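Undergrad: For reference, the structure I am asking about is given below.
We did not get these values from a lab; they are worked out from the coordinates using the rules stated. Since this is a predicted model, take the numbers as computed values, not measurements. FYI the Cβ positions are ideal-geometry reconstructions off the backbone, even for glycines, and counts take in every protein chain you see.
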Amino acid sequence: MEFGFCVMANIDEIGFFPHVESLGYTSVWVADSQMLFADCYAVLALAARETRRLRIGPGTAICGTRIPPVQVAAVATLNRLAPGRVFLGIGTGNTAMRSMGQRPMRIAAFGDYLRVLAALLRGEAVDYTLNGAPRSIRMLQSEPGYGVLQPKIPLYVSGFGPRAMALAGEHGDGLVFAIPPRGVPVSEALGHVRQGAARGRRDLDGFHTCTLTSLALLEPGEAVDSDRIKASVGPNVMASVYYFYDEVQERGIDPPPFLRRIWKRYCALVEDTPPERRHCRTHEFHYTKLHPGEAELIDEQLIRDTCLVGTAEEVIERVRALEKDGLQELMFATGNAAKWRLAEDFARRVMSRV
């Protein structure tokens, strides 16, 4: 099992990259959300110069804000700075798009985007339509100073539903998904991946599986809802609530069962903001901090419903089970200062024993 972090793009925290490299982590993924954080590719370029072994890449880059040639140019430039250590994580962009009042890219469009992106990463010519004009395109410059496509840049597709998981098998070199409690078992995710691979007549040799999760690593005897844990993962917990608020409002559905007991109280917090500006308020503290009133909504059950929770011994048992099921990488989302201690604690208490 490999271990990594997904961090919010912060130009002043480049030191976190060599820090986790020295602790034995294999990767850092950098969130791409233009209305909230620094530019992920600028952060990754600086991180490339400060590390030697760490795998780095956007986690995940947003297809709705950058056309495929722009994504490839950016990641090929990184590949010149950190050859063989770069990957391209790509997703439809829930937070990045929602913070502009827009919806993420539809699955059909996402599939076509991945088709073009994968071909460009391979250095191939591919049919691409931009502004209604279909054309054959390929990356024209491959001199080292302009960015390089070799060594191969793996394409990791973010998929949290069956159709997106299948697209990872059809076009990608790996899948980023969610495990329970808020996701699906590894075997189920791989089943969807295999369906997509069959559709694309591809084999899955070397296919990479990675899960994005939130980790609450307890001290012996510590309560799940201790002040320390709430400060550490509280913003992660609320990120799940933000996601479902948009789903409920747009689709006219009921909130999921795990949120029903807090739903009216949460809606009262959000709906204090006028509707025309509500999309700005909902996601503005994504993974970083809490709005006033949100901490009071977070209790032990909500943390357990949204995070990987346990003592070192309990987490080790869970890691071993996930590895047995076929998971290859655990990536921990974090956006506040607690990540420094979490990285050290997990390396010392869990990584050293698995």
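Undergrad: Relative contact order for the chain: what is it in percent, counting Cα pairs under 8 Å that are at least 6 residues apart?
TA: Once divided by the residue count of the chain, the mean separation gives 18 percent.
Undergrad: Name the most mobile residue of 26, 65, 129, meaning the one with the largest mean-square fluctuation, in a Gaussian network model of the chain with Cα contacts below 10 Å.
TA: Highest fluctuation among the options: 129.
Undergrad: Follow-up question, since we're still on this one. For the chain, what proportion of DSSP beta bridges, expressed in % and rounded to the nearest 5, is antiparallel?
TA: 10 percent
Undergrad: Classify the range 227-303 as rounded, prolate or oblate, taking a ≥ b ≥ c as the square roots of the eigenvalues of its Cα gyration tensor: rounded when a/c is under 1.5, otherwise prolate if a/b is larger than b/c and oblate if not.
TA: Cα axes put the range 227-303 in the oblate bin.
Undergrad: If you don't mind, another one. If you take every DSSP beta bridge fully contained in the range 112-261, what fraction is antiparallel? Give it as a percent rounded to 5.
TA: Antiparallel bridges: around 40 percent, rounded to the nearest 5.
Undergrad: Indicate the gyration tensor shape class of the range 211-267 (rounded, prolate or oblate), computed on the Cα atoms with a ≥ b ≥ c the square roots of the eigenvalues: a/c under 1.5 is rounded; otherwise a/b larger than b/c is prolate and the rest oblate.
TA: Prolate, since a/c reaches 1.5 and a/b exceeds b/c.
Undergrad: Another question, if that's okay. How big is the range 183-283 on each of its three principal axes, counting only the C-alpha atoms and giving the largest first in Å?
TA: Cα spread of the range 183-283 along its principal axes, largest to smallest: 51, 44, 24 Å.
Undergrad: 222 nm [θ] for the chain, helices only, -39500 (n - 2.57) per DSSP H run of 4+, per residue, to 500?
TA: -13000 deg cm²/dmol
Undergrad: Mind ranking 160-171, 244-255, 211-222, 193-204 by how tightly packed they are, going by the mean number of other C-beta atoms within 10 angstrom, highest first?
TA: Taking the mean over residues of other Cβ atoms within 10 Å, the ranking is 160-171, 211-222, 193-204, 244-255.
Undergrad: Shifting gears a bit: With every atom except the alpha carbons ignored, what do you get for Rg and Dmax of the chain, in angstroms?
TA: Computed over the Cα atoms of the chain, radius of gyration and Dmax are 19.9, 63 Å.
Undergrad: Using the basic label-point model (7 angstrom from Cα toward the beta carbon), what is the residue 271 to residue 127 distance in nanometres?
TA: Simple spin-label model gives 4.8 nm for this pair.
Undergrad: Tell me which of 198, 90, 75 sits at the most positive position along the dipole axis of the chain, charges placed on C-beta atoms (Lys, Arg +1; Asp, Glu -1).
TA: Of the listed residues, the answer is 198.
Undergrad: Percent of Cα-Cα pairs more than 18 Å apart in the range 1-85, please.
TA: Counting pairs separated by more than 18 Å, the tail of P(r) holds 37 percent.
Undergrad: Quick one: 3J(HN,Hα) in Hz for the range 48-65, Karplus 6.51/-1.76/1.60 with θ = phi - 60°, rounded, Gly and Pro as x.
TA: 4, 6, 9, 10, 10, 10, 4, 7, 9, x, x, x, 10, 5, 9, 6, x, 10
Undergrad: Please compute the length gained on full extension between residue 249 and residue 337, using 0.36 nm multiplied by the number of residues separating them and subtracting their Cα-Cα distance.
TA: Extending this stretch completely gives an extra 28.5 nm.
Undergrad: Comparing 267, 63, 40, which has the greatest mean-square fluctuation in the GNM of the chain with Cα pairs linked when under 10 Å apart?
TA: 267
Undergrad: Place the peptides 228-240, 106-118 in order of packing, highest mean first, counting for every residue the other Cβ atoms within 10 Å and averaging per peptide.
TA: With the highest mean Cβ count within 10 Å placed first, the list reads 228-240, 106-118.
Undergrad: Given R₀ = 51 Å, FRET efficiency for residue 67-residue 345 by Cβ-Cβ distance, to 0.05?
TA: That pair, residue 67 with residue 345, gives E of 0.80.
Undergrad: Express the relative contact order of the range 227-303 as a whole percentage, based on alpha carbon pairs under 8 Å and six or more residues apart in sequence. Kindly include the intermediate steps, with their values, before the conclusion.
TA: Working: 48 pairs, mean separation 38.4, N = 77.
Relative contact order for the range 227-303 comes out at 50 percent.
Undergrad: Need the full-extension length gain, residue 301 to residue 225, defined as separation in residues times 0.36 nm minus the C-alpha distance. One decimal, nm.
TA: Contour length minus Cα-Cα distance gives 26.5 nm.
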